[in-house]
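Take a look at the structure below.
The values are calculated or read from the model by the stated rules, or taken from the named source; none is laboratory data. Small disclaimer: the values here were computed from a predicted structure and weren't measured. Cβ placement follows ideal geometry from the backbone for every residue including glycine, while neighbour counts extend to all protein chains displayed.
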Amino acid sequence: MEKYERIGRELIHKGAIIDYYQDTIRIPNGSIAKWDYIRHKGAAAVVAVKDDGSLLMVRQYRNALDRETLEIPAGGLNGVDEPTDIAAARELEEEAGYTAGRLELLLSLRTTVAFCDEKIDVYVATDLKRSHQHLDEDEFLDVETHSIEELIKMIYDCRIQDGKTVAALLAYYNKYVRK
């Protein structure tokens, strides 16, 4: 593969969740290109499995889409050094109102590799115990329970489109359910 060389990175905007940069790159033919780069602190997500096999999902409004989405519980790390299993457990309780007796790493994914470095570690949570939600001041969501079969159908009916949720549910189904 030809060599690419970053020769500059300029912070354009520092946000609460992301930082937006413009990179200056020398591309293989020697020309200079300007590429967008978004730095993200990382996130964790949970496929929360109840004793009966059903999964906990959260329905919430997403500003970027101007509509509600159905997703697995997830949230950003409190800092780049926060262990993702700690963040996953926190998000499960904050969003769904459950604690997990067991968390197992299912997969790690990069959401948008063309311009963003966001990494999400997805865990499977079992041995769930009811607790209570701790929603952020600007967070309003509903907790729903669905079978994995219902959720897979929603994916293929294009009703679930969130990338982390699609990847997590399909990975969970293939690892734990499909025989």
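Within segment 11-48, the set of residues being modelled with pLDDT under 95, hydrophobic (A, V, I, L, M, F, W, C) and either loosely packed, with under 13 Cβ neighbours inside 10 Å or in contact with a helix residue (DSSP H, G or I) (Cβ under 6 Å, 6 or more places away or on another chain) (or both) comprises A16, I17. You will find that of G101, G8, G75, the residue that is in contact with an Asp or Glu (Cβ under 9 Å, 6 or more places away or on another chain), surrounded by 13 or more Cβ atoms within 10 Å (Cβ to Cβ) and either small (G, A, S) or in a loop (DSSP other than H, G, I, E, B) (or both) is G75 and no other. Identify, please: which residue in segment 136-162 is closer than 22 Å to G76 by Cα and either out of contact with any strand residue (DSSP E or B) (no Cβ under 8 Å at 6 or more places or on another chain) or exposed (fewer than 13 other Cβ atoms within 10 Å of the Cβ) (or both) and is, among those, modelled with the highest pLDDT? Looking at residues that are closer than 22 Å to G76 by Cα and either out of contact with any strand residue (DSSP E or B) (no Cβ under 8 Å at 6 or more places or on another chain) or exposed (fewer than 13 other Cβ atoms within 10 Å of the Cβ) (or both), I get D142. Could we say that G30 is of a type outside the set (A, V, I, L, M), on the phi > 0 side of the Ramachandran plot and either free of Cβ contacts under 8 Å to residues at least 24 places away in the same chain or not assigned by TED's automatic domain parsing to the domain that holds H146 (or both) here? Yes; evaluated as a whole, the condition is true for this residue.
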